[in-house]
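First up is the structure itself, then whatever we jot down about it.
The values are calculated or read from the model by the stated rules, or taken from the named source; none is laboratory data. Remember, predicted model here, so these are calculated numbers, not experimental data. Reconstructed Cβ throughout: ideal geometry from the backbone, glycine too, with neighbour counts over all protein chains shown.
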Amino acid sequence: MAEYKDSLDNQRLEFYPSDRKKMLALPFLMSKRVELPEPKKGQRQWSLFKELYGYDWDHFDKVIFDDEEKITEFTYENFISPHLIKGTDTHSESFKDLVKSINLNTKTTYEQHRHNQEHFKNLMPLLSKLNDEETEIFVHLLHNKSRSQNEKEQFSNDLTDMACSDYTKKQLAKISEEANFAAKNRYHLDHTLMKYAD
């Protein structure tokens, strides 16, 4: 970064202070917008994705709106047994927070597919360096990652991962960012979310 700053300062062109700040910020903006590679038809990674997750990469590409229902404070009766919530104040804030938490941590088939795509894109740089035999070994490792552990030990490891991970924070930040963008872009909001509102 210091070399980039020096090269910018040594340019024959004179920048206005605001333009200089934009140029100094350019590497950070570019790093935020780097996209991970995606598998293409014909590549072994394409068939590998289906082997891992059961769907082709483009299986849900034509889906415009996810119509699979998820739990909300208005539809919780369809997901939670009446015996479990008997005597519970379903209008309390704590219950509503519980429902929101369940909603956030469960995924529809479409949402799970998108999550799998993001996870697989992170694996793409690694997979590109493996030959066929090494790829097969790696896939075998992924399939059998938890089979060597008993259920109690696996559950303990999952809890540790959840406690140490900032995945939920990132997920909430992403949802907030998308909602704020939709609110600012009225056309996008009307043609993506409000179009399907009751």
(request) Could you give me the residue pairs with C-beta distances under 6 Å whose first residue belongs to the stretch 126-140 and is within 16 Å of residue 39 (Cα to Cα), whose second residue is surrounded by 13 or more Cβ atoms within 10 Å (Cβ to Cβ) and at pLDDT 85 or above wherever it lies, and which are 6+ apart or on separate chains? (result) 127/45
(request) Identify all residues within the stretch 120-161 that are more than 30 Å from residue 175 (Cα to Cα), among the charged types (D, E, K, R), modelled with pLDDT of 85 or more and surrounded by 10 or more Cβ atoms within 10 Å (Cβ to Cβ); write none if there are none. (result) 134, 136
(message) Step by step: first the residues of the stretch 162-173, then only those that are closer than 16 Å to residue 119 by Cα and either among the charged types (D, E, K, R) or in contact with a Ser or Thr (Cβ under 8 Å, 6 or more places away or on another chain) (or both), then the one that is modelled with the highest pLDDT. Which residue is that?
(response) 170
